[in-house]
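S.K.: First the structure, which I've put down as C-alpha cells, then a few questions once you've had a look.
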C-alpha cells in the first residue's frame, strides 16, 4: 500500500522534472540558474519523500531489551535469553502495550496512559506520557540510557535495580508513591531531572506507576536470570531411574530443559514466588516510612539561642567520629572528603569491566602457558578447551563493557551551597541523614528499620540537620574541633 | 530577461512576497513551538483535525496541544494561500519568466511541506518530523529570497551602463563576497539541519539514536563556531564594502543572540552542561517540563536560526545582483560562474 503510494509519488515527481527540463531552452544565465534551482527543489522534494518512506519502513515497534550486564554475567545462553524475554513479555507486555499482572498490584489504566506513542485523544487526554516526557533521558527500558544520557551529570536513573535515592523510607526500603510523586513534582534540583509540576495529578500518577512498572520489570529480569543460572542449564539427560542416558558411543546425552513456566507448572510456581519476592517490598513501602518521634521534632518558634545550641551540637557530631560526616563531606563541608567511591549503578558496571579486564589478562597468561606446554611437548587439549571457552566469554563481555558511558565517582555534596537534591524541608534532610541516600555511599545514621536503634538518637539527628542547614552561612575558616583523618591528603 | 526598456512590473508580487515571508516566519516559530511543547500528535489525522475538516475545526475553543497544533495547521494553510496569491500575481504582472518559475517552485515547496507535515502526523514518524522541521526554514529562506528579487531596487540595479549611479560606484560587491555569502547561507542551513537532529533524535527510539544525538551535538558545536565566524566576516565585509548593510548588520546581531539562545536552550532542557558544572559548582537550578518560558526560548533558537539562513540568502541574492549576475553581456558568464564557484 505504502509502496504503491511511493511509486506513484516518484512517477509524478519524474514527470514534473521532465516538464521543467522540456521548457528549458533559450534561456539566459539567471534564467538557467533559477531553473536549475527549481529543478533541484523538485529533486530535493523527491529525495525527501524517499528518505521519509525508507525511514517509515525501517522503524520497528519499540521493544524492551534485555539487560546485557545481567545476561552476560549470568552466562545466559541465547536460547535461555529468548525464553527469559518471552516470560517477561508474557508477564509485562511491551512498551506499546504494557500489562499489569493482577499479582503485581499495578494499575492497568495508569500504565496504559503512560505507555505507547505520545498523542492526545479526542477528549484532549495526553497519552504516551513516558515517551513524551521521560524516554530521552531514562530510555525505553528505564535503564537510564536514553539518547541524551551521555551528556548528563549525574546520569539519569536506571530504574531496573529498584533503588531510589530521595524517599522518606528506611534505606533498603522502596519509595512510597508519595515519594515518587514528590520527586516528579519537584524534580531533582541541581541535576537535569526536571520538575513535572505542570502536569496534571493523574498524569503524574500514571508516570510514577510506569516508573514502578519498569522497576519491577527490571528486578524481575535480574531474578529470573539468576534462577536460570542457578537451576537450569544444559545437563546430562537422565532416565526415570535417575541414570544417565547414553548414546551409541557411550557418551552421555545432553539436554537443555527449556525455561517455559506456561507449560512447566514447577517453573510457574517458581516464577510466581519470585514475583511475590519482588513485589513484597513495594507493597510494604508504606510501613517503612521514617516517622521522627513527635516529642523530638524541634518547635518552629525556637529562640536564636536554642537554635544556636542545637547547631553547635550538630557541628560537634558532624566533625565527630560518631556521625563521621566529615570523612566524605570534608573538613569544611565542601564535599572534598572521600571522593573515590561509587554508587551502586556505577559499581555494577565497574565490577563488570574489572572482571572483563581480569578475564583478558587470564587469557593472555593461558596462551603463554599453552605455548610453554607445547614447547615442552605436553598435552594441551584441556588447557586449549578452557582457553576457547574463556575467549568466547570475553567476546560476549567486551562489547558490553565497551558500551558503558564513562564511570563516574559518587562525589559527596558540597554542603556549603545549600542545595539539596532531595528537598530542602527539614524533614527531607532528616530523612537523608537518618536513612542515608540509598544507592550511594552516603550512609544513614538513624535507625535502619522500624523500631531499631540508630547510631545517633532522634535529637542528635535534628541537631545535625540544624547544623547542615546552617553550614552555608558558617565561615569556612572556622576552626574545626577534630581534624579529619585524611586532612593531609586533602591538603595535597 | 527584462531590459532597461521593459515597463516596470507590477508591484503586487513584491507585496505578496512580503506577506508570504511575514506569514512564514511565525509559521516557522509556531512549528518549533509544536515540537517544543510536544503537541505534534494532538490529532492523529490530517486534512481533518479529530475528524473535522481543518478550516472549520473550532480552533478558538480548543486548548493546550490541540490549540497549538491546529494553529500551526491553519497558519500553514494561510502560507499556502499566500503562495497561491503570489504565483497568481506573478503570472499577471511579472515579465521575468524565471521569477514566475521561482514562484511556482515556492508553490510546489509549500505543498510538499504541507504533505510532509501531514505524513508526519498520519504515520507518527519522528524522522518525518525532523525532515519537516528542516524543510520549513528552507521554504522560509526561499520565500524571503522572493522579496529582493521582486523589489524595485533589484530592477534599479539592473542598469549597469549607468556608471554614475551611487550603487555602482560605492558598492564593493565582488564574486568573492558572493561566494562568502553563499557559503554562509549553506553553513547556516547545515547548522539548522544538524540542530533539528539534535532536537529530534532524543525522541527516536531506534538503537542508533544515542549515537546520532551525540555526534549531532558535537557537530552542532563545531558548526556553531564556523557559522559565527562566517557571519561575522560577512557582516564585516558588507559593512565596510557598503553592500546591503542592513541585513548584514542584522545578521551579526542575530548571531550573538543565537549563541545566547543556544546555551539557554541546552540549559532549559538538560541543566548546566557537564563542563560548566565544574565552574559554577552545585546549583539549585532545575527545569520545569512543559514550562512556557523554556518552550519559547527553545523555539526562538530554531526560529532565529531560520532567520539567519533567510538573511544570508537575501544578502547572497543582493550581492549577486550587484556584481551584475544577471548581465551576461558585461563579462563572459563562464568566467563569472567560475569566479563564484571557485
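S.K.: Mind checking which residues of segment A:127-157 are touching a strand residue (DSSP E or B) at 6+ places or on another chain (Cβ under 8 Å), more than 7 Å from chain B (Cβ to nearest Cβ) and either assigned to a loop (DSSP other than H, G, I, E, B) or closer than 16 Å to residue B:287 by Cα (or both)? Reasoning before the result, please.
M.R.: As a first pass, look at segment A:127-157 and keep what is touching a strand residue (DSSP E or B) at 6+ places or on another chain (Cβ under 8 Å): A:127-128, A:132.
Then drop every residue that is not more than 7 Å from chain B (Cβ to nearest Cβ), which leaves A:127-128.
The answer is A:128, and nothing else.
S.K.: Could you check how many residues of segment B:97-108 are crowded, with 22+ Cβ neighbours inside 10 Å and either more than 9 Å from chain A (Cβ to nearest Cβ) or closer than 14 Å to residue B:24 by Cβ (or both)?
M.R.: The number of residues fulfilling the criteria is 2.
S.K.: Also: Looking only at segment B:109-125, how many residues end up being in contact (Cβ under 8 Å) with a residue 60 or more places away in the chain and more than 8 Å from chain A (Cβ to nearest Cβ)?
M.R.: So the first thing to find is which residues in segment B:109-125 are in contact (Cβ under 8 Å) with a residue 60 or more places away in the chain, and the list is B:117-122, B:124.
If we keep only those that are more than 8 Å from chain A (Cβ to nearest Cβ) too, we end up with B:117-118, B:120-122.
Final tally of qualifying residues: 5.
S.K.: In segment B:266-297, what residues are more than 13 Å from chain A (Cβ to nearest Cβ) and within 23 Å of the chain's Cα centre (by Cα)? Step through it out loud before you land on a result.
M.R.: Initially, segment B:266-297 is screened for residues more than 13 Å from chain A (Cβ to nearest Cβ), giving B:279, B:296-297.
Result: B:296, B:297.
S.K.: Within segment B:69-96, restricting attention to residues that are over 18 Å from residue B:113 (Cβ atoms) and under 24 Å from the mean Cα position of the chain (by Cα), which residue is surrounded by the most Cβ atoms within 10 Å (Cβ to Cβ)?
M.R.: First pass over segment B:69-96, keeping only residues over 18 Å from residue B:113 (Cβ atoms): B:88-96.
Filter once more, so that each one left must be under 24 Å from the mean Cα position of the chain (by Cα): B:88-90.
Values: B:88: 15, B:89: 21, B:90: 28.
Checked segment B:69-96; the qualifying residue surrounded by the most Cβ atoms within 10 Å (Cβ to Cβ) is B:90.
S.K.: Residues being closer than 15 Å to residue B:199 by Cα and outside any loop (DSSP other than H, G, I, E, B): count how many of those fall in segment B:29-40. Let's see the steps before the verdict.
M.R.: In the first step, residues of segment B:29-40 are kept if they are closer than 15 Å to residue B:199 by Cα; the result is B:29, B:31-40.
Now drop any that are not outside any loop (DSSP other than H, G, I, E, B), which leaves B:29, B:31-36.
Counting residues in segment B:29-40 that are closer than 15 Å to residue B:199 by Cα and outside any loop (DSSP other than H, G, I, E, B) gives 7.
S.K.: Scan segment A:177-189 and tell me whether some residue there is more than 20 Å from residue A:283 (Cα to Cα), in contact (Cβ under 8 Å) with a residue 40 or more places away in the chain, touching a helix residue (DSSP H, G or I) at 6+ places or on another chain (Cβ under 8 Å) and facing chain B (nearest Cβ under 10 Å).
M.R.: No, segment A:177-189 has no match at all.
S.K.: Can we say residue B:237 is touching a residue at least 24 places away in the same chain (Cβ under 8 Å), crowded, with 17+ Cβ neighbours inside 10 Å and either closer than 16 Å to residue B:308 by Cα or within 14 Å of another protein chain (Cβ to nearest Cβ) (or both)? Before the answer, list the steps.
M.R.: On the way: touching a residue at least 24 places away in the same chain (Cβ under 8 Å): yes; crowded, with 17+ Cβ neighbours inside 10 Å: yes; either closer than 16 Å to residue B:308 by Cα or within 14 Å of another protein chain (Cβ to nearest Cβ) (or both): no.
It is false that residue B:237 is touching a residue at least 24 places away in the same chain (Cβ under 8 Å), crowded, with 17+ Cβ neighbours inside 10 Å and either closer than 16 Å to residue B:308 by Cα or within 14 Å of another protein chain (Cβ to nearest Cβ) (or both).
S.K.: Looking at (1) surrounded by 13 or more Cβ atoms within 10 Å (Cβ to Cβ); (2) part of a loop (DSSP other than H, G, I, E, B); (3) out of contact with any helix residue (DSSP H, G or I) (no Cβ under 8 Å at 6 or more places or on another chain), can you tell me which one residue A:267 breaks?
M.R.: Condition (2) is where residue A:267 drops out.
S.K.: Any idea which of A:445, A:464 is at pLDDT 90 or above and in a loop (DSSP other than H, G, I, E, B)?
M.R.: Values: A:464 fails: in a loop (DSSP other than H, G, I, E, B).
Among A:445, A:464, only A:445 is at pLDDT 90 or above and in a loop (DSSP other than H, G, I, E, B).
S.K.: Answer with yes or no whether residue A:168 is within 20 Å of the chain's Cα centre (by Cα) and either in contact (Cβ under 8 Å) with a residue 40 or more places away in the chain or not assigned by TED's automatic domain parsing to the domain that holds residue A:94 (or both).
M.R.: Working: within 20 Å of the chain's Cα centre (by Cα): no; either in contact (Cβ under 8 Å) with a residue 40 or more places away in the chain or not assigned by TED's automatic domain parsing to the domain that holds residue A:94 (or both): yes.
Judged against the criteria, residue A:168 is not a match.
S.K.: Between a first residue in segment B:316-329 that is more than 13 Å from residue B:155 (Cα to Cα) and a second residue that is at pLDDT below 80, which pairs have beta carbons less than 7 Å apart while being 6 or more apart in sequence or on different chains?
M.R.: Pairs found: B:319/B:173; B:323/B:173; B:328/A:28; B:328/A:29.
The values are calculated or read from the model by the stated rules, or taken from the named source; none is laboratory data. Being a predicted model, the structure only gives us computed values, none of them experimental. We place every Cβ from the backbone using ideal geometry, glycine too, and count neighbours over all the protein chains shown.
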